[in-house]
Amino acid sequence: MEQLTNVFIEINSFLWGPVMLIFLLGTGVWLTFQLRFIQVRSLGQGFKQTFAPLFKKEKTEGIHSFKALATSISAQVGTGNLAGVATAIAAGGPGAIFWMWISSFFGMATIFAEAVLAQLYKVKKGDQVHGGPAYYIRDGLGSKWLAGFFAIAIIIALGFVGNMVQSNAITTAMNEAMGSSSFMLNLGLGVAVAFFIGLILFGGITRISSFAGNVVPVMALLYIIGSLIILVNFWDQVLPTLQLIVQAAISPEAAGGGVLGATIKEAIRYGIARGLFSNEAGMGSTPHAHAIANVKRPSHQGLVAMVGVFIDTVIICTLTAMVILITEAHQTDLQGSAITQEGFARGLGEFGIPFIAICLLFFAFTTILGWAYFGEVNVKFLFGEKGVPLYRGIVLIFIVAGSLVQVDFVWQMADTFNALMVLPNLIAILALTKIIKNTWKQDQLH
């Protein structure tokens, strides 16, 4: 197993090296100029489009923009917002957060394009609506084999392997909070998570979107409040910490980042990589949620999608980073989410560890739900409705298995298939840029 893990590590060092980062970030830069800095000029309109449906009567056909966004954010806001940010700081220094902001800025243009294409090429079968990269790769790009390749990659990366990782994150967090761990305890946690996921998943997208629409806002608000309490308690360190982030991005040595061995190159690499991984812009996952929104114009949902990146990275990831840096939790020997847990423990006292455990439970649970749905859409794309029951059963098995195993190998395999998702998705976006631009122009006229 160790040898196979090392093979995947080598593969990922190539796939997620400079080429992939340039491809992802470059696509965002290209779309930003093609769409004339839409994330600056139209973000306010995106917030209006997102929250306006909450004050209107919901239509019977499809779901409104907010619930589609909630389903999207349920997948975006996950353990990466805690562990990913901590890893970025540990490997790239405080300056990595500045480059995470940069990645989210250009990522807004990419995710706008994904959502527009998902709306343009969605398919209605009976009372169900489906869409996503597999559909716009097949019908927009005209490549059935590349669409099938993407569908297989996302089923494995998110539906199976990714959800195994998320289940393990829940188990690890609960073990930490309870101060104990055993095979039977972890099995019980895995079965419990699988049971509740099954109840919602077998209810279809209506139940999923309803659950996400109710839980995601509470989940995000809980985390934001906890973070703000710490920032208020350390209010005199907020501005110096923001200055440190900017200064470390430009000159790590002057900002003290050099003590950690962090260079500008590392700050850029880890900041951009973790930022893109967190908000999923360009990965091809969130378009499945945006496709099902009932909107008058495709660009309307594109603007809503930008709001998702803003909430995920600019708000939640920034709060995580501020807590870690202000409490100096990054200067410990801890790794991953343990750094974030240490930050909240220092900021909130004894309540910090169970607080993060609860947040991780919510984050990972909703991510499992979102990823399971995204995989299901692609199962239907490949096999039709007949493949769905078997797929759901396999997902639940992987959830239980994830609570019992060490997931170093699984993480590496998930990263590989994530990259295999990104490549065909970005090819389609770049090839269909003209259609995206024309749709945006036409929608502005109405």
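The values are calculated or read from the model by the stated rules, or taken from the named source; none is laboratory data. Everything quoted here is computed from the prediction, not taken from an experiment. With ideal geometry, Cβ positions are generated from the backbone for all residues, glycine too; neighbour counts draw on all protein chains shown. The protein model used for the area step is the full one, side chains on, heavy atoms only, and it has no ligands, DNA or RNA in it. Shrake-Rupley method; radii C 1.70, N 1.55, O 1.52, S 1.80 Å.
Residue-level check: of (1) open to solvent by 10 Å² or more (accessible area, probe 1.4 Å); (2) among the polar types (S, T, N, Q); (3) at pLDDT below 95, Gln119 misses just (3). Condition check for Pro252 on (1) more than 17 Å from the chain's Cα centre (by Cα); (2) modelled with pLDDT of 75 or more; (3) not β-branched (Val, Ile, Thr): one failure, at (2).
Kindly indicate whether Leu146 is open to solvent by 10 Å² or more (accessible area, probe 1.4 Å), farther than 21 Å from Thr367 by Cα, touching a residue at least 24 places away in the same chain (Cβ under 8 Å) and touching a Pro at 6+ places or on another chain (Cβ under 9 Å). Walk me through it before giving the result.
On the way: open to solvent by 10 Å² or more (accessible area, probe 1.4 Å): yes; farther than 21 Å from Thr367 by Cα: yes; touching a residue at least 24 places away in the same chain (Cβ under 8 Å): yes; touching a Pro at 6+ places or on another chain (Cβ under 9 Å): yes.
Judged against the criteria, Leu146 is a match.
No other residue among Val400, Val379, Val405 is open to solvent by less than 10 Å² (accessible area, probe 1.4 Å) and among the β-branched types (Val, Ile, Thr) apart from Val379. Residues in the stretch 277-299 that are in a helix (DSSP H, G or I) and open to solvent by less than 10 Å² (accessible area, probe 1.4 Å): 7 in all.
Residue-level analysis places Val379 outside the set of residues that are part of a loop (DSSP other than H, G, I, E, B) and farther than 19 Å from Asn279 by Cα. Quick check: anything in the stretch 422-430 within 27 Å of Ser143 (Cβ to Cβ), surrounded by fewer than 18 Cβ atoms within 10 Å (Cβ to Cβ) and more than 24 Å from the chain's Cα centre (by Cα)? No: zero hits.
Candidates in the stretch 302-351 are the residues that are of a type outside the set (Ser, Thr, Tyr) and assigned to a loop (DSSP other than H, G, I, E, B); of these, the one that is least open to solvent (accessible area, probe 1.4 Å) is Gly336.
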